[in-house]
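Take a look at the structure below.
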Amino acid sequence: AQTVTQSQPEMSVQEAETVTLSCTYDTSESNYYLFWYKQPPSRQMILVIRQEAYKQQNATENRFSVNFQKAAKSFSLKISDSQLGDTAMYFCAFMRGVSGTYKYIFGTGTRLKVLA
Amino acid sequence: EAGVTQFPSHSVIEKGQTVTLRCDPISGHDNLYWYRRVMGKEIKFLLHFVKESKQDESGMPNNRFLAERTGGTYSTLKVQPAELEDSGVYFCASSRFRGYEQYFGPGTRLTVT
């Protein structure tokens with residue numbers, strides 16, 4: 001069974017600084033997808049970034065980028081130039097890339113606080 | 001485009017009572033998912049609908065939980081009778097195609113006392 005581990009329950013970063021959130025996963029699949037979702041306080045989860053396992057190039061979305069290490073089964077999220085609006089709960093998620101449910105398997109989340 | 005909506009946002013019930021949660025997916029999204037997050041733990045999959053059919057209900061905890069999706073539109077999740085361990089936040093998500101990103105609703109916080 002697949003598992004996702006986020007080892008940092010809470011983190012903080014100064015505004016304008018860079019922070020990296022870690023995520024590791026365990027799977028025997030070769031075809032899968034990885035996601036980072038963000039849930040701001042009292043708001044719904046939104047997708048931050050998505051990575052296809054078959055792609056070697058790391059995904060980037062503006063200030064957000066990932067470091068995808070397939071052999072190490074690691075998928076960390078880097079937030080550059082942190083902003084107060086980045087304060088949120090961040091969830092790492094895994095999805096199998098085969099036909100069927102395509103359900104997410106989530107980690108326990110990392111609560112990030114951006115300090116002014 | 002309206003997002004995924006869930007009702008109610010918060011429900012407090014006593015052990016043994018019944019509660020029904022509702023989810024309205026994004027229009028045109030055939031895939032609808034239910035997830036649950038118990039305090040401090042990971043978000044766990046409950047089940048997946050494709051239109052009105054249950055594709056996967058392997059995450060449903062027990063037979064006290066009943067999910068339906070009438071006509072392939074909105075979905076309800078009924079808990080009957082509720083137990084203390086059912087407390088948590090229930091999320092609904094939808095996607096147009098399987099394998100693509102899922103769009104989440106704001107969640108329903110269920111508290112069973």
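Of (1) buried (at least 17 other Cβ atoms within 10 Å of the Cβ); (2) closer than 21 Å to A:Ala1 by Cα, B:Lys41 satisfies all except one. Which?
(1)
Looking at this structure, is B:Asp30 surrounded by 16 or more Cβ atoms within 10 Å (Cβ to Cβ) and over 14 Å from the mean Cα position of the chain (by Cα)?
Working: surrounded by 16 or more Cβ atoms within 10 Å (Cβ to Cβ): yes; over 14 Å from the mean Cα position of the chain (by Cα): yes.
Yes: the conditions hold for B:Asp30.
Report whether or not B:Leu21 is outside any loop (DSSP other than H, G, I, E, B), within 14 Å of chain A (Cβ to nearest Cβ) and modelled with pLDDT of 95 or more.
Details: outside any loop (DSSP other than H, G, I, E, B): yes; within 14 Å of chain A (Cβ to nearest Cβ): no; modelled with pLDDT of 95 or more: yes.
So B:Leu21 does not fit the description; no.
Take the conditions among the small types (Gly, Ala, Ser), under 22 Å from A:Gly109 (Cα atoms) and in contact (Cβ under 8 Å) with a residue 40 or more places away in the chain and apply them to B:Gly88. Does it pass? Explain how you work it out, then say what you get.
Values: among the small types (Gly, Ala, Ser): yes; under 22 Å from A:Gly109 (Cα atoms): yes; in contact (Cβ under 8 Å) with a residue 40 or more places away in the chain: yes.
Considered against the rule, which asks whether it is among the small types (Gly, Ala, Ser), under 22 Å from A:Gly109 (Cα atoms) and in contact (Cβ under 8 Å) with a residue 40 or more places away in the chain, B:Gly88 comes out as yes.
Take the residues of the stretch A:95-115 that are more than 8 Å from every other protein chain (Cβ to nearest Cβ) and at pLDDT 95 or above: which is farthest from B:Val38 (Cα to Cα)? Step through it out loud before you land on a result.
Start the filter on the stretch A:95-115 by keeping residues that are more than 8 Å from every other protein chain (Cβ to nearest Cβ), which leaves A:96, A:98, A:110-115.
When the remaining residues are screened for being at pLDDT 95 or above, the result is A:110-115.
Details: A:Thr110: 15, A:Arg111: 16, A:Leu112: 19, A:Lys113: 22, A:Val114: 25, A:Leu115: 28 Å.
The residue in question is A:Leu115.
The values are calculated or read from the model by the stated rules, or taken from the named source; none is laboratory data. Given the structure is predicted, the values throughout are model-derived calculations rather than measurements. Virtual Cβ from ideal backbone geometry, glycine too; neighbours counted across all protein chains shown.
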